[in-house]
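Colleague: Pasting a structure below so you can have a look.
The values are calculated or read from the model by the stated rules, or taken from the named source; none is laboratory data. Since the model is a prediction, treat every value here as computed from it, not as a measurement. Positions of Cβ are backbone-derived with ideal geometry, glycine not excepted, and every protein chain shown enters the neighbour counts. Note: accessible area is taken over every heavy atom of the protein model, side chains too, but ligands, DNA and RNA are not part of it. Shrake-Rupley method; radii C 1.70, N 1.55, O 1.52, S 1.80 Å.
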Amino acid sequence: MSEQTNFQAQSPGSAEIAARFPDLHPAFDKTAAVTEANRCLYCFDAPCTSACPTHIDVPRFIKKIASDNLEGSAKTILDANILGASCSRACPVEVLCEGACVMHRYNKQPIEIARLQRFAMDALHESGAPLPFSPGKDTGKSVALIGGGPASLACAAELRRRGIRAEIFDARPLPGGLNTYGIAEYKLPLAESLREIDLISQLGVEFHFNTTVDAAQLAALEASHDAVFLGMGLGAIHKLGIAGEEMQGVTNALDYIAGYKSGEITTAPQRVAVIGAGNTAIDAANAAVRLGAQEVHMVYRRGPEQMSAFAFEYEHAKQEGVKFLWHVKPTGLKGAGKVEALELAKLETTSDGSLVPQAGGEFSLPVDLIVLAIGQATHTDFLAGLDSQPSKVKLERGRILVDRATGQTSNPKYFAGGDCTNGGREVVDAVADGKRAGIGIAAWLEVK
């Protein structure tokens, strides 16, 4: 049975967290939105639409804002991207739609597509209007979806629009995956993620929480459903592999972000070190600053030109006051039961491009908290099957291999999408994967 679907009411909420993490890009008011919408050239070949993984018809939704048809604008967005509200906040638009805007050719600021998209979606939410779609006629078919993140949500929405029953199974107490628990609050507040999922639940998607699917349960779901969608994302963040990592004061970025978003963490100690240089690492470092840390360092074994974080995220972190230690490697931890310092070694590049410790380059960085953000492991062990049976689906380096057009795996009854297939990309990529898979599952069930 599906659990309660008034998810936004279950948001922990915290006035202190809200004050510390105000919107990075505040919402437009109506005057500003219409003014910005009228700057758009409504390109017929719209490079912004091509740059969006879900291919939202950007000129169309913007033109509807300009003509005060906000309901039509929201419907245009949702037709392409059922998670259009969260993507308007969380997408790295600088390298997607806004990065492709033709205004760049004229040395002008690109159209603020994300803020316009948010304006249309916020208007729909605030109006109290229902989702502008209805479930399709019941086909008698059902699909089990493992994981409650963006890929599964998008897949479930497509299935319900086609009359296919969709049951989502998630290990956490609330749906949304990284949208709810893993994206910085100043980008996507937890309550906003849940508000959007409340809308999706109107399609009749069923949810089962606090449920970790193992090999035995997967076999049962396979037997009781017509297809299975795998959208469980990635596993735990990697460890450093040095002594002392289990002591108090060492955590990982995802737990840290989830902790403050859920209200369990409300302050940071004075000195924080974040190991890694990806977008999640930067989110964690910025969070530490906003939670009150006096000194926050990001530690990375390479230089800024090799960091995986987007350039605009790096610039934002510098503005927040985060400091960066480049070409250094953690070698040990100091502390009596609780971390007190991070031991580091400076690295230098050899003639063959290898990084090696610099002679005499050892030093110690006093810290009260270490946050690990050095990549995530895969979470596909449970797909190995039962009693040494062959794997349920074909894997490559722990990732599920799929037909990109349909999301179908090597096992025709299994489909997959999101981070468990691509190793970790953006929310909008997961939505696009889930949408394709939902359409692919429906088509496969029709001829099955």
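Colleague: What number in nm² do you get for region 140-267 if you take the convex hull of its Cα atoms and divide its surface by four? Kindly include the intermediate steps, with their values, before the conclusion.
Modeller: Values: hull surface 37.5 nm².
Taking a quarter of the hull surface, the average projection is 9.4 nm².
Colleague: So what's region 25-127 giving for Rg/Rh, alpha carbon basis, Kirkwood Rh from the mean inverse pair distance?
Modeller: 0.92
Colleague: For H55 and H238 in the same chain, what is the full-extension length gain: residue separation times 0.36 nm, less their Cα-Cα distance, in nm?
Modeller: Values: separation 183, 0.36 × 183 = 65.88 nm, distance 3.36 nm.
The H55-H238 span can extend by a further 62.5 nm.
Colleague: Here is the link list: K261/K392; K239/K318; K318/K435. Which ones come out longer than 28 Å on Cα distance?
Modeller: Working: K261/K392 35 Å; K239/K318 26 Å; K318/K435 36 Å.
Going by Cα-Cα distance, K261/K392; K318/K435 fall outside the 28 Å limit.
Colleague: At a 1.4 Å probe radius, which order do S142, S410 fall into by accessible area, largest first? Don't skip to the answer; put the middle values down first.
Modeller: Numbers: S142 15, S410 75 Å².
From most exposed to least exposed: S410, S142.
Colleague: Oh, and also: Could you tell me the calculated FRET efficiency between A18 and Q109, based on Cβ-Cβ distance and R0 = 30 angstrom, to the nearest 0.05?
Modeller: Rounded to the nearest 0.05, the efficiency is 0.55.
Colleague: Region 273-351: which chymotrypsin sites (Phe, Trp or Tyr not before Pro) are DSSP loop and have at most 16 other beta-carbon atoms within 10 angstrom?
Modeller: Counting only loop positions with at most 16 other Cβ atoms within 10 Å, the chymotrypsin sites (Phe, Trp or Tyr not before Pro) in region 273-351 are F310.
Colleague: Starting from the Cα of Q358, step 7 Å along the direction of its Cβ; do the same at T331; then give the gap between the two resulting points in nm.
Modeller: Output for this residue pair reads 1.3 nm.
Colleague: Determine the order of E446, E320, E167 by accessible area, beginning with the largest, at a probe radius of 1.4 Å.
Modeller: From most accessible down to least: E446, E320, E167.
Colleague: Would you list L369, L342 from the most to the least accessible area, probe 1.4 Å? Kindly include the intermediate steps, with their values, before the conclusion.
Modeller: Numbers: L369 20, L342 0 Å².
Of L369, L342, the descending order of accessible area is L369, L342.
Colleague: Follow-up. Straight-line reach from K108: which lysines have a Cα under 21 Å away, not including same-chain ones fewer than 8 places off?
Modeller: K63
Colleague: Can you work out ³J(HN,Hα) from phi for every residue in region 213-227, in order, using Karplus 6.51 cos²θ - 1.76 cosθ + 1.60 and θ = phi - 60°, giving whole Hz and x for Gly and Pro?
Modeller: Listing the rounded values in order: 7, 10, 4, 5, 5, 4, 4, 5, 5, 4, 6, 9, 10, 7, 7 Hz.
Colleague: Apply the Karplus parameterisation 6.51 cos²θ - 1.76 cosθ + 1.60, with θ equal to phi minus 60°, to every residue of region 18-35 and state each ³J(HN,Hα) to the nearest whole Hz, in sequence, with x for glycine and proline.
Modeller: Along region 18-35, the couplings run 4, 5, 7, 10, x, 3, 5, 10, x, 5, 6, 8, 4, 4, 5, 5, 5, 4 Hz.
Colleague: Can I ask one more? At 0.36 nm per residue, minus the direct Cα-Cα distance, what do T267 and K448 gain on full extension? Give it in nm, one decimal, please. Write down the numbers at each step before the final one.
Modeller: Details: separation 181, 0.36 × 181 = 65.16 nm, distance 5.44 nm.
Full extension of this stretch gives 59.7 nm more.
Colleague: If you count only protein heavy atoms with a 1.4 Å probe, what accessible area per residue comes out for region 250-372, rounded to a whole Å²?
Modeller: For region 250-372, the per-residue accessible area is 43 Å².
Colleague: May I ask you to give the percent of accessible area on region 325-371 that is carbon plus sulfur, with a probe radius of 1.4 Å?
Modeller: That fraction is 52 percent.
Colleague: In the chain, how does Rg compare with the Kirkwood Rh, expressed as the Rg/Rh ratio over alpha carbon atoms?
Modeller: On the way: Rg = 22.7 Å, Rh = 23.1 Å.
My calculation puts Rg/Rh at 0.98.
Colleague: Quick one: the Cα spread of region 222-343 along its three principal axes, in angstroms, biggest first?
Modeller: 53, 37, 30
Colleague: For the pair V102/L41, report the inter-label distance in nm, with labels modelled 7 Å from Cα in the Cβ direction.
Modeller: So the two model labels end up 0.4 nm from each other.
Colleague: Okay, next question. Can you tell me the accessible area per residue over region 61-114, all protein chains present, probe 1.4 angstrom, in square angstrom?
Modeller: 41
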